[in-house]
1. Out of B:226, B:242, B:259, report the one residue that is buried (at least 17 other Cβ atoms within 10 Å of the Cβ), in the same structural domain as residue B:127 (by TED's automatic domain parsing) and not in a helix (DSSP H, G or I).
2. With the requirement that a residue be more than 18 Å from residue B:408 (Cα to Cα), out of contact with any helix residue (DSSP H, G or I) (no Cβ under 7 Å at 6 or more places or on another chain) and in a helix (DSSP H, G or I), what does region B:106-160 give you?
3. So, residue B:358, is that one more than 23 Å from residue B:165 (Cβ to Cβ), assigned to a helix (DSSP H, G or I), out of contact with any strand residue (DSSP E or B) (no Cβ under 9 Å at 6 or more places or on another chain) and assigned by TED's automatic domain parsing to the domain that holds residue B:238 or not?
4. Does region A:78-100 hold any residues that are under 20 Å from the mean Cα position of the chain (by Cα) and more than 7 Å from chain B (Cβ to nearest Cβ), and which are they?
5. What number of residues within region B:41-51 satisfy the criterion of being exposed (fewer than 13 other Cβ atoms within 10 Å of the Cβ) and touching a strand residue (DSSP E or B) at 6+ places or on another chain (Cβ under 9 Å)?
6. More than 14 Å from chain A (Cβ to nearest Cβ) and assigned to a helix (DSSP H, G or I): is that true of residue B:221 in this structure?
7. Does at least one position in region B:298-307 carry a residue that is within 14 Å of chain A (Cβ to nearest Cβ) and part of a helix (DSSP H, G or I)?
8. I'd like the full set of residues that are touching a residue at least 40 places away in the same chain (Cβ under 8 Å) and at the interface with chain B (Cβ under 8 Å from one of its Cβ atoms), limited to region A:101-112.
């Protein structure tokens, strides 16, 4: 538990039952109070690393074949599908990374 | 998510069916791409292998051009001078500049802040990214194409995020995009008429004057509105004009649920048309689209800026296909900018949930007014080109050019600072409120 974590009190009632030899049963309610940290969303570190690695790999692959890529992608005509498709693909990988990255940093939209 | 993806896919397939429409102006004519194989200094000719064709063409060097200006064995863009005769070279530019680490970092940073801006106000980025790429050494057409290709995935991610926050009015976005595409056509026609009558300089002047006028008038209006709201801490009200227009019961009436507006289609259509015309003229349609949706249609700044992202996605995808078919996209630049802007656009989208409506207006107005200065600094040069004023001193034109470039950077910096500060303030306030609430509950 971190020091600045918000906490919430938890009240729990535990029932104890005692049975004596004279076969009389006495039940006493007892309460205990405990504090626990408020619900904390898990930070998606694993997802961030996974998408980050995928995105980084894709960038490395593309830039190591720079000459080939730039030449084929600019041939015109149906080749237009190549840059447009690549932009889509990268935006999914890198976009997912960016989203998880911001979650890990704790930057989230305000909840109404 | 699934619904959204199916929707996007249908849109893209739909856009592919139409071939005649360009967004942000058509790819240039009189330009060819290829590789120079040899140059002959005696006859002053150069042979070039054109891209995608097997034949080899011989081009003539223009007067005053030296043999050294022909770049051999590298992909180049050659613009021809049709006035000087057939096959006369006007200019040769290398299509792909060498990527140095400094250029990579520059593209990443500009991308990040450009993304932040468009996530927040729905548009922007294009006006600064294209000049930035050109100053790094990319030919103008390649810069426009690469920017277009980065814009649609960015806008897609941004609009998805803001759609999740319930800010995007899909119907309004579709109506705007459809009419904007028609507007682009009209814009291109107007551009061509001006180009035919007054040539390149005339067209440049026309573009700049439209740019400066629109930005100053609309920017000043948005700024006064934002300042009024911020002073009085008032809630944003629908503009009087929009309220009056909403009362006009002219068939067909359209209802926009998210924007909470019921208005005649005769009002929304012109807004879309102007957005498209402006997009074709100055490549930033959002500067009229967002204020149009706020003050004419009557949406809130939050919904208008989010919806503009959807419009930008549709128009950007359209334009990218066109520019891609002309073979002008430098995917390296596109992806490097995208690397920064995909983070920026999501951050900007998150930011909108923490700020008041007027902050969005304030950022938009400041950006518009500073960008107007940038374009205004170019007007004297164009006037001189048309011989309307005496020729400028070399030094003066250098100063004007650097004013133009640096004011764009200032616009970007100012927007980045306002957005970050507003966001941090909003987040701290939100955290304090939450803790106070928890403390109250604990007691």
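The values are calculated or read from the model by the stated rules, or taken from the named source; none is laboratory data. A quick note: this is a predicted structure, and the numbers were derived from the prediction, not measured. Counting neighbours? That spans all protein chains shown, and the Cβs are built from the backbone with ideal geometry, glycine included.
1. Answer to the check: B:259.
2. Answer for region B:106-160, where residues must be more than 18 Å from residue B:408 (Cα to Cα), out of contact with any helix residue (DSSP H, G or I) (no Cβ under 7 Å at 6 or more places or on another chain) and in a helix (DSSP H, G or I): B:141, B:142.
3. Taking the combined requirement at face value, the residue does not satisfy it.
4. Of everything in region A:78-100, those that are under 20 Å from the mean Cα position of the chain (by Cα) and more than 7 Å from chain B (Cβ to nearest Cβ) turn out to be A:92, A:93, A:96, A:97, A:100.
5. Qualifying residue count, region B:41-51: 1.
6. Yes.
7. So far as region B:298-307 goes, yes, one or more of its residues are within 14 Å of chain A (Cβ to nearest Cβ) and part of a helix (DSSP H, G or I).
8. Within region A:101-112, A:101 is the sole residue that qualifies.
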